[in-house]
């Protein structure tokens with residue numbers, strides 16, 4: 001039986017998720033999936049698979065639909081990873097940037113590269129993902145068409161890099177989760193940890209204020225608080241939180257106990273070591 005790590009990600013090979021896979025697990029067996037839903041399903045059905053999923057970007061905000069898929073598939077967060085995003089303008093061999101008329105990529109990549117798009121008066125075409133755009137440009141073989149994607153995509157699809165690092169902001173970083181079936185929490189030690197949860201409040205006045213009070217009184221810091229509507233409703237929301245600390249920390253336990261009094265449902269999504277990028281960027 002092979003012990004090789006298996007990782008699934010959304011997008012074509014050469015996507016930034018693929019790049020993150022190679023950085024974290026250079027010898028892993030990778031599987032490219034057409035949709036996020038398919039990616040989650042693979043990990044749910046196969047305990048030997050982990051998935052790497054983009055959660056949020058420093059420029060574009062959270063990635064759509066992920067917060068709905070996490071509770072639906074009930075996977076656990078094993079770790080977090082921060083990936084620097086360097087966008088490149090790619091064209092077929094022999095093409096020149098002055099002759100490019102169209103550029104295609106994922107909507108977020110298009111949004112993050114507006115300066116060069118306006119500078120060369122390019123027509124933007126929204127595609128499902130960055131690497132898929134690079135693959136299309138390669139297959140179309142049109143010197144007036146281009147894609148915004150990674151250097152890895154240029155290598156895989158034999159494209160020329162017309163211009164490197166074209167993103168508007170140099171601090172373009174995407175946060176990823178490595179997820180899978182139920183896993184043991186890391187031992188509580190002298191390290192920095194993150195505990196992630198999703199909860200739904202009871203329908204009472206000032207419920208959120210009361211629910212979060214326990215974190216203040218117990219000196220527990222929240223690094224993220226985000227709401228998202230329950231599907232098919234207008235007046236019900238779930239809340240996602242990232243908490244500094246390990247779930248075995250007594251102060252955090254007291255805060256979660258207080259939170260539980262004011263919620264209809266509380267799910268612990270994972271306890272994991274804080275990534276070094278998070279610590280160094282403070």
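Looking only at residues in segment 85-109 that are at pLDDT below 95 and within 18 Å of residue 126 (Cα to Cα), which one is surrounded by the most Cβ atoms within 10 Å (Cβ to Cβ)?
My answer is 109.
Across segment 172-191, which residue is surrounded by the fewest Cβ atoms within 10 Å (Cβ to Cβ) among those that are at pLDDT below 95 and more than 23 Å from residue 47 (Cβ to Cβ)?
190
Go through segment 140-163 and give me each residue that's outside any strand (DSSP E or B), farther than 19 Å from residue 22 by Cβ and in contact with a strand residue (DSSP E or B) (Cβ under 9 Å, 6 or more places away or on another chain). Walk me through it before giving the result.
Quick first cut of segment 140-163, residues outside any strand (DSSP E or B) only: 140-144, 150-159.
Within this subset, residues satisfying the condition of being farther than 19 Å from residue 22 by Cβ are 140-144.
Selection gives 142, 143, 144.
Of the conditions (1) in a helix (DSSP H, G or I); (2) closer than 21 Å to residue 174 by Cα; (3) over 16 Å from the mean Cα position of the chain (by Cα), residue 18 clears all except one; give me its number.
Condition not satisfied by residue 18: (3).
Is at least one residue of segment 67-75 under 18 Å from residue 240 (Cα atoms), touching a residue at least 24 places away in the same chain (Cβ under 8 Å) and surrounded by 22 or more Cβ atoms within 10 Å (Cβ to Cβ)?
Yes - at least one qualifying residue is present in segment 67-75.
May I ask you to list pairs of residues, at least six apart or on different chains, whose Cβ atoms are under 6 Å apart, with the first in segment 188-212 being in a loop (DSSP other than H, G, I, E, B) and the second being surrounded by 19 or more Cβ atoms within 10 Å (Cβ to Cβ)?
Close Cβ pairs (under 6 Å, with a partner that is surrounded by 19 or more Cβ atoms within 10 Å (Cβ to Cβ)) amount to 188/246; 202/262.
How many residues are surrounded by 15 or more Cβ atoms within 10 Å (Cβ to Cβ) and within 17 Å of residue 110 (Cα to Cα) when one looks only at segment 55-66? Break it down stepwise before answering.
Let us first name the residues in segment 55-66 that are surrounded by 15 or more Cβ atoms within 10 Å (Cβ to Cβ), namely 55-60, 62-63, 66.
If we keep only those that are within 17 Å of residue 110 (Cα to Cα) too, we end up with 56-60, 62-63.
Total satisfying the criteria: 7.
May I ask you to list the residues in segment 226-260 that are within 20 Å of residue 61 (Cβ to Cβ), surrounded by 13 or more Cβ atoms within 10 Å (Cβ to Cβ) and in contact with a helix residue (DSSP H, G or I) (Cβ under 8 Å, 6 or more places away or on another chain)?
The answer is 226, 228, 238, 239, 240.
For segment 156-170, give me the residue count where each residue is surrounded by fewer than 17 Cβ atoms within 10 Å (Cβ to Cβ) and either free of Cβ contacts under 8 Å to residues at least 40 places away in the same chain or within 13 Å of residue 12 (Cβ to Cβ) (or both).
Matching residues across segment 156-170 total 1.
Conditions: (1) surrounded by fewer than 15 Cβ atoms within 10 Å (Cβ to Cβ); (2) touching a strand residue (DSSP E or B) at 6+ places or on another chain (Cβ under 8 Å); (3) part of a helix (DSSP H, G or I). Residue 137 meets all but one. Number of the miss?
(1)
The values are calculated or read from the model by the stated rules, or taken from the named source; none is laboratory data. Computed from a predicted structure; not experimentally measured. Cβ sites come from the backbone with ideal geometry, for glycine too, and all protein chains shown count toward neighbours.
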